[in-house]
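J.: First the structure, then my questions, so here it is.
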């Protein structure tokens, strides 16, 4: 009947208006859960899709063959003839200073075949491989330094000058993350960029065709490819997969970190949203029991009534999901803004926000589940006759609490006894309130603890471990005498890195002189490991991978050599790179040759007189500044979580608070009748909420630490971080959660003033 449909339609809107606080809070909770879930997963998925498309568009090399001896054209032809290679091209990238711009340099690149690991033209002339005076420059570097197409640039490399006209502005997948080395966590666009020149221009400038690298497109596995290359060239070379390329691994790592984040914390929001729906719909059905009985008495079929009340849950789920999707796009845009830190870190041609397919599946499943929750909540109320349903909902008779059987009960005040009984009578509501508090505290501790850990990481690896002011990078062609002269002049410690192989794995064997204490290495526990002269110190990742500990032995083989060296493990250290550290004395004992390539000195960068023996000078402060910029990305994500945590606490507690207020309306009216003041009743409500809040905080703090530990282990194993949370994090999380709970409690307590004692008690049975 049409009238019945119209009647139920009007009732739907009246009921939603009557319980608007509950419905609004449920919609907000669903929107928050969906928004955080979609936003965080959209972030990593967009990074993955956009960077993968860029790598494919620029034909990013699958392998890079490296040899300090260089490769001839005949070597390239041999690689091209292999069944394991589709195509190959010689490649070189060197550090060149920008003449007239102190402290600024470029990764100057020449590649024979622009079809492998090439770049995308953003503005200007198309790349000319035969150009004798053209420079194709990073558009980000150009923008940061006000360089325009048509400008002349002069670059200095090994006392040679390379001059040319900027003919195009580009983006290169090879320099998706454009940093000098692994110590620089964020690009510094004002001081460092990249540029491409033609092979002809490069060879004319240096007077020879020296290419130490070959880029290869291949579908073969690493083992088969390595064996084929070694057989073809007749010598051992260093072969790196694209996964070992800084840009490729950095993009993949950023995506993987976001994926881990998106699979843990946002899921918490969804679970709380579902639990909130369960509790709210159950109480709504209970409060509407007499209405349901009336509809049965009027002749409405059970399935019609079911459909009516199920529509409430469906509308909440749909409205919340729609708002959540919009919120998710905003969250993803906020994190991935091209003009923000992420746009600086990953130098992409364009960003397209992409929602993962599974998000749609999860949202549909969420709508179905919440609709089912509404269905089941009402179906229970339809059991029995119309007369049964017309009787108001009454809670189950409560048994005496265990404490009521003791003498302690009589010593408890009225408020304590009233609150304890109410908590035990409504266990589900209490549990939900506690879940909201735990979730709020967990997110606060996890988010702020992540910030503490990152700041502790900076202090551990740089502030504490690095006692130098600047690092001098020695030119590749510097003589032994020049290297020693630099060391004598600037009085510091030195290092050298040798590429070695452990089984099929490429790692760095770093030789450090530490007698001046300019460089230290964090120990696994507290403090720093003293690098001795009679053994090797392996990073935690390698130790875990190969089961190494103090006293173990491991064999390494330098690339380009058939020599093998057995290292005795003297200790395990934490490191930002996958490396093994030894002293110069131990290197001499083993017979490993090396050349000093870095000098750590107390001299300021400005006091270092740069000459032909120095390729670049990097200040420790610049490293720390880049870390601060890197932290901006993390801080944006943490800010979203902190705000979301506060909203989560407010919405959940307010929803349950309103529900509790409605359930106890008659009880509070009775208290007013017997003489209780509004303020006294308000204190009863606030005190109960505080009890639940304190218990939730006590559980939430260790839960937050556990989640944070999991995230650190899963997201950033390459940094080998320690979990470091300060007292301020726990204090702020506790106070913030208490403030949220107190705010909601006061909002609910104010409703006591509106209680109509007569009307409230009229319907009492």
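The values are calculated or read from the model by the stated rules, or taken from the named source; none is laboratory data. Just so you know, these numbers come straight off a predicted model, no measurement behind them. Every residue, glycine among them, receives a Cβ derived from its backbone with ideal geometry; neighbour counts consider all protein chains shown.
J.: In segment 711-725, what residues are at pLDDT below 75, buried (at least 20 other Cβ atoms within 10 Å of the Cβ) and under 12 Å from residue 456 (Cβ atoms)?
T.: 721
J.: Next question. With 54, 23, 91 as the choices, which residue is modelled with pLDDT of 85 or more and touching a helix residue (DSSP H, G or I) at 6+ places or on another chain (Cβ under 6 Å)?
T.: 54
J.: Something else now. What is the residue count in segment 98-120 for residues that are under 34 Å from the mean Cα position of the chain (by Cα), farther than 20 Å from residue 57 by Cβ and part of a strand (DSSP E or B)?
T.: 4
J.: Another question, if that's okay. So how many residues does segment 52-89 have that are touching a residue at least 40 places away in the same chain (Cβ under 8 Å), within 13 Å of residue 218 (Cβ to Cβ) and in a helix (DSSP H, G or I)?
T.: Number of matching residues: 1.
J.: Here is a check on your reading of the model: is residue 613 more than 36 Å from the chain's Cα centre (by Cα), outside the structural domain of residue 39 (by TED's automatic domain parsing) and surrounded by fewer than 20 Cβ atoms within 10 Å (Cβ to Cβ)?
T.: Yes.
J.: Can you confirm whether residue 61 is at pLDDT 90 or above and touching a strand residue (DSSP E or B) at 6+ places or on another chain (Cβ under 6 Å)?
T.: Considered against the rule, which asks whether it is at pLDDT 90 or above and touching a strand residue (DSSP E or B) at 6+ places or on another chain (Cβ under 6 Å), residue 61 comes out as yes.
J.: Among the residues that make up segment 472-484, is at least one of them modelled with pLDDT of 85 or more, surrounded by fewer than 20 Cβ atoms within 10 Å (Cβ to Cβ) and part of a strand (DSSP E or B)?
T.: Checking segment 472-484: not a single residue is modelled with pLDDT of 85 or more, surrounded by fewer than 20 Cβ atoms within 10 Å (Cβ to Cβ) and part of a strand (DSSP E or B).
For every residue, the table says whether it meets (1) over 30 Å from residue 648 (Cβ atoms); (2) surrounded by 24 or more Cβ atoms within 10 Å (Cβ to Cβ).
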{"site": "38", "(1), (2)": "no, yes"}
{"site": "56", "(1), (2)": "yes, no"}
{"site": "65", "(1), (2)": "yes, yes"}
{"site": "78", "(1), (2)": "yes, no"}
{"site": "87", "(1), (2)": "yes, no"}
{"site": "93", "(1), (2)": "yes, no"}
{"site": "97", "(1), (2)": "yes, no"}
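J.: Being farther than 17 Å from residue 91 by Cβ and under 35 Å from the mean Cα position of the chain (by Cα) is the filter; apply it to segment 121-137 and report the residue that is surrounded by the fewest Cβ atoms within 10 Å (Cβ to Cβ).
T.: Among them, the one singled out is 123.
J.: Further question: Quick check: is even one residue across segment 573-591 farther than 16 Å from residue 500 by Cα and at pLDDT below 85?
T.: Yes, segment 573-591 contains a residue that is farther than 16 Å from residue 500 by Cα and at pLDDT below 85.
J.: Against the conditions (1) surrounded by 19 or more Cβ atoms within 10 Å (Cβ to Cβ); (2) touching a strand residue (DSSP E or B) at 6+ places or on another chain (Cβ under 6 Å); (3) not in a loop (DSSP other than H, G, I, E, B), where does residue 566 fall short? Just the number, please.
T.: Against the list (1) surrounded by 19 or more Cβ atoms within 10 Å (Cβ to Cβ); (2) touching a strand residue (DSSP E or B) at 6+ places or on another chain (Cβ under 6 Å); (3) not in a loop (DSSP other than H, G, I, E, B), residue 566 comes up short only on (1).
J.: Go through (1) in contact with a strand residue (DSSP E or B) (Cβ under 7 Å, 6 or more places away or on another chain); (2) at pLDDT below 85; (3) more than 30 Å from residue 268 (Cβ to Cβ) one by one and return the number of the condition residue 463 breaks.
T.: Every listed condition holds for residue 463 apart from (1).
J.: Are there any pairs, at least 6 apart or on different chains, whose C-beta atoms fall under 7 Å, with the first in segment 142-159 and assigned by TED's automatic domain parsing to the domain that holds residue 107 and the second part of a loop (DSSP other than H, G, I, E, B) and surrounded by 12 or more Cβ atoms within 10 Å (Cβ to Cβ), and if so, which?
T.: Within 7 Å, the pairs are 144/189; 144/190; 145/190; 154/99; 155/99; 156/99; 158/475; 159/612.
Quick grid of which residues meet (1) at pLDDT 75 or above; (2) out of contact with any strand residue (DSSP E or B) (no Cβ under 6 Å at 6 or more places or on another chain); (3) assigned to a helix (DSSP H, G or I):
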position: 609; (1), (2), (3): yes, yes, no
position: 625; (1), (2), (3): no, yes, yes
position: 631; (1), (2), (3): no, yes, yes
position: 649; (1), (2), (3): yes, yes, yes
position: 659; (1), (2), (3): no, yes, yes
position: 709; (1), (2), (3): yes, yes, yes
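J.: Follow-up question, since we're still on this one. Of the conditions (1) surrounded by 15 or more Cβ atoms within 10 Å (Cβ to Cβ); (2) assigned to a helix (DSSP H, G or I); (3) in contact with a helix residue (DSSP H, G or I) (Cβ under 8 Å, 6 or more places away or on another chain), residue 351 satisfies every one except a single condition; which number is it?
T.: (2)
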